[in-house]
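Undergrad: Take a look at the following structure, please.
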Amino acid sequence: MKATQALFGRLRRLPLTTKQTRKGFYKGNGVGHLGSWDPVNHRVFKVDYSKVRTFVYPLTGLDGFELTPFVGRHISKNVQSDDGKWSIPQKTFTGEEYLRMWKEEGDHNGGY
């Protein structure tokens, strides 16, 4: 079976995959070059720090800052004990408590 010319035209617009090219094609993840190889010693990679992503902490601190963290501040943190193991904090809201609140609220059908 052979694709029509219209399908071939659509296929050309799609990005290449490793199956469509010869060996040596590496797709990568779109990061780009962060430096260059040393021309004298080919094993040394020189990082160009103007191309490296940097994250700047606000000078005024986080109070009144417009951006929010990925994890809420009300989330309890895991605690590390003296022997190096991490302990998970106790759950503050169980399934039984949720069902009890759901029964107390009433109107389970959303007003229908």
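Undergrad: What residue, of SER50, SER76, is modelled with pLDDT of 80 or more and either part of a loop (DSSP other than H, G, I, E, B) or on the phi > 0 side of the Ramachandran plot (or both)?
TA: Details: SER76 fails: modelled with pLDDT of 80 or more.
On inspection, the qualifying residue turns out to be SER50.
Undergrad: Still on this structure: Quick check on my filter: what residues within the stretch 31-89 are touching a residue at least 12 places away in the same chain (Cβ under 8 Å) and among the acidic types (Asp, Glu)?
TA: Of everything in the stretch 31-89, just one residue is touching a residue at least 12 places away in the same chain (Cβ under 8 Å) and among the acidic types (Asp, Glu), namely ASP48.
Undergrad: Collect the residues in the stretch 16-42 that are within 26 Å of ARG53 (Cβ to Cβ), in a loop (DSSP other than H, G, I, E, B) and among the polar types (S, T, N, Q), keeping them in residue-number order.
TA: ASN29
The values are calculated or read from the model by the stated rules, or taken from the named source; none is laboratory data. For clarity, every value in this text was computed on a predicted model and none was experimentally measured. A quick note on method: Cβ atoms are made from the backbone with ideal geometry, for glycine too, and the neighbour counts reach across all protein chains shown.
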